[in-house]
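These notes concern the structure reproduced below.
Rule-based calculations on the coordinates, nothing more; no lab input. Values in this document were obtained by computation on a predicted structure and should not be read as measured data. Counting neighbours? That spans all protein chains shown, and the Cβs are built from the backbone with ideal geometry, glycine included.
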Amino acid sequence: MSISAIQKNISKMEIDENTPKPFPLLRLPAIPLYKIILDKDFSPFEFALLSRRSRRIVKTSKCKAENFIIQHIGGQHGFKVKVRNSNICWWFEDALKNKHYSYKFTLNYIIGGLDFPTRHDRKLREHEYISAYDSSKLLPIDKQFTEQIRITPNRRLKGKPYYTRTLVPVSSVFNMNTCPDYETSILVFIDFMKDVFNTDVTGFHVDYGSVPDFETFFIENVMQRNVKTFELSGTKLRRFRYVMDVDCLHFVLLNTPIDVELRLSNGVFEEPFEYNEPIRQKSIEIYCETKWFKGNNFLQAQSNKIVLATGRYSDNTFGLNGANIPETDILKFIRRWLNGSDREFQYFDVQSNCHGIRFDGIPFHEHNSKRKTSDFEWNPLTFERNWYREDRIKDLRRSDGMEATLRIYSSNVLPEAIISVSFEKKVEEKEWVLIWHNLLKLPIFLQSPEPKDNLHST
């Protein structure tokens, strides 16, 4: 053996020693495997994609997804799902657009008997997957081919080209058994989530231009379906330019079911818009232009959660004017809560022109810094601890024991001040019991509302 060959073998051995080898996770016995799955940092969703056995294991563990949202935004179609601490964003793209980049689709998942050639990109806060579907299956037979170019080996015949051109079926670039469109791909994953995680679609994130018939889509998927959230985005016209369709927005505000959390994001208005009907949704969050949201909308809203956050949360609409809510209406809202008995309202967070606002006649108390946020129902304002360093923070106390914290935030960056009020109530004490799994004798912690005497372990 030559010296060069020996050196190659030595370098190969060094690479093999430094490269971590795949761990045979599915070969573990049942008990240690389940302990790994139950770990909070483990991703059950990605594990369930591996094989039929992994899906059975996750299904047996009775793990559920926190949310499963279908997305049709910016001409892209897919979904996002959160299982424990894992945020997964999954998109479906046409194989015709990716036929020259098939080498990037290094993963292949088989779900529901169909192949999903996939590429993976890990971003800062979530994992992003892109799977290919083959729309050429819907084309006439003579158009189901694409040109494939291959480089000729070094030893080519004199006068021959450096490459060869051949016509191959588009589907063979990826796999013959892919879905024909993104609708089928989404339906396959909906069935997958129902079967493995016992979770149906919890919401939709849509813009007006990404679905063929918006009103029909909204009626069938939001009004006639049991979903928790709906988010309407402005249509992207060009880079950093999103426009909200006023007719579409009016239709959504008027027809979104009361128990659906409504979110409006990324959009400016090119036409005048007013909404004079009471907002009936229990939760509304506005991250787009809010100049249309006036004092009467604020006082007449029947929502338990109101967020008007133009510029502070949305990068695409930063710098727009805030809501046109007069100081008197904000004070009227606070007094109405103090003198009333409403125990359902949770918080409002309003960015408005409220510099130098005066709270005359409102009985404030010093903020109780020793109060534990874990003792009260969660709200997003409770955990913004950086506000405590420089802002005016006061407590409001009602005669029936309800408490509220008022924060006014102002900086040199934002053109308006932000008023945030969180109305807090005690959480009910939760009891945790230890139950043994009948088959594997594996301890699983389950929350139960039943008394301890009525529970038993086997």
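Points to keep in mind about this one:
- Spin-label pair residue 328/residue 138, simplified geometry with 7 Å Cα→Cβ offset, distance in nm: 5.6 nm
- Here the calculated FRET efficiency for residue 164 and residue 97, from their Cβ-Cβ distance with R0 = 41 Å, stands at 0.95, rounded to the nearest 0.05.
- The convex hull built on the alpha-carbon positions of region 25-134 has an orientation-averaged projected area of 7.8 nm².
- Estimated inter-spin distance, residue 367 and residue 50, nm [label 7 Å along Cα→Cβ]: 4.7 nm
- Order by protection proxy (mean Cβ within 10 Å, highest first), peptides 46-53, 243-250, 333-340: 243-250, 46-53, 333-340
- Taking region 203-322 and dividing mean pair separation by its residue count, relative contact order in percent (alpha carbons under 8 Å, at least six apart): 20 percent
- Normalised radius of gyration (Cα atoms, divided by 2.2 N^0.38 Å) for region 203-322: 0.99.
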